[in-house]
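A short write-up of the structure that comes next.
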Amino acid sequence: DRALEHAVRKATVSPEEKAAAVARLDTGIGLRRADGAQIVIEAAPERLDLKRQLFREIETIAPTTALLGSNTSSLPITSIAEALTDPTRLVGIHFFNPVLQMPLVEIIPGFTTRPEVTERAADFARRLGKTVVGSKDSPGFVTTRALAVLVNEAAWMLYEGVATKEDIDAAYKLGFHHPMGPFELVDLVGIDTAVAILDVLWDGFRDSKYRTCPLLRSMVSARQLGRKTGQGFYAYPEARS
């Protein structure tokens with residue numbers, strides 16, 4: 001609702017369109033609503049054990065014809081699919097935050113994902129008006145692998161005193177035409193999520209560029225996770241109210 005309200009204020013969505021979208025939502029606690037679903041998309045935190053457990057349960061509830069998708073931004077789809085009796089029905093469907101504004105969806109088939117499942121996921125994303133890009137099932141895929149380095153390097157520059165967070169954000173936005181600076185972006189995504197992603201990339205590649213900046217780990221320990229806690233690299237007093 002908050003994202004839709006923001007879109008109304010920006011005049012990209014009318015109040016009538018917002019009301020119609022909210023009316024189409026059918027919320028519930030637990031997984032029982034999956035019993036009649038055609039598409040089930042998991043968007044749990046970036047923890048392999050949690051995602052596997054969810055899909056074990058979903059597989060017993062959702063129809064056998066239902067498309068199973070994971071919105072993971074970094075974990076290999078093949079690893080998540082190990083939890084399924086039929087791993088061929090799982091595919092990565094990676095949306096970008098904020099979903100309402102971002103036009104891109106990354107589609108990632110696992111090692112055993114059936115081609116028709118991959119195409120069905122891509123068709124679903126296109127019907128939502130999204131542009132689809134494909135990726136092999138490699139940790140971080142295309143976008144997260146690139147973005148993690150961008151955010152981590154910005155954190156290292158701040159940690160080393162190269163520049164202030166404001167100047168680093170301004171340099172990225174004005175120098176590279178990025179809509180948000182790296183610190184604004186990681187505050188939106190969640191600093192804990194960024195650290196979890198970097199850990200996945202480090203485990204997958206053992207490349208020093210994925211070694212998490214200590215500043216990011218300290219902020220996670222201090223529960224300064226960004227917008228969702230009211231404090232990250234910047235303060236968000238409205239989130240605390």
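Points to keep in mind about this one:
- FRET efficiency, 1/(1 + (r/R0)^6) with R0 22 Å, evaluated for F176 and V142 via beta carbons: 0.80
- Pairs of Lys residues in the chain that lie 8 or more places apart, or on two chains, and have C-alpha atoms under 21 angstrom apart add up to 9.
- Cα gyration tensor shape for the stretch 31-134, rounded if a/c is under 1.5, else prolate or oblate: rounded
- Three-way shape label, the stretch 149-241, alpha-carbon gyration tensor, a/c 1.5: oblate
- Per the Debye calculation on the chain with a single equal scatterer at every Cα and no solvent contribution, log₁₀ I(q)/I(0) for q = 0.10 Å⁻¹ amounts to -0.53.
- Full extension of the segment from H6 to T64, taken as 0.36 nm per residue of separation minus the current Cα-Cα distance, would add 17.1 nm.
- Whole-angstrom gap from the stretch 134-171 to the stretch 101-120, using each part's C-alpha centre: 25 Å
- Here the chain carries DSSP beta bridges of which approximately 40% are antiparallel, counting only pairs with both residues inside.
- CD proxy at 222 nm, helix term only [per DSSP H run n ≥ 4: -39500 (n - 2.57); per residue of the chain; nearest 500]: -14000 deg cm²/dmol
- Three-way shape call for the stretch 191-233 based on the alpha-carbon gyration tensor, with the a/c threshold at 1.5: prolate
- Length-normalised contact order for the stretch 148-241 - Cα pairs under 8 Å, 6+ apart - percent: 27 percent
- Potential lengthening of the chain between E82 and L100 amounts to 3.4 nm, from the contour at 0.36 nm per residue minus the alpha-carbon distance.
- Taking every Cα-Cα distance in the stretch 123-175 and sorting them into 10 Å bins starting at zero, the pair-distance distribution P(r) comes out as 20, 32, 26, 18, 3 percent.
- A simple packing score, the average count of other Cβ atoms within 10 Å per residue, orders the peptides 182-193, 137-148, 205-216 as 182-193, 137-148, 205-216, with the highest score first.
- Listed residues A163, G204, V149: farthest to the positive end of the dipole of the stretch 143-240 (Cβ charges): G204
- Residues M157, M219 arranged by fewest to most Cβ contacts within 10 Å: M157, M219
Every number in this text was worked out from the coordinates using simple rules, so none of it is lab data. Every value quoted in this text rests on a predicted model; they were computed, and no experiment measured them. Counting neighbours? That spans all protein chains shown, and the Cβs are built from the backbone with ideal geometry, glycine included.
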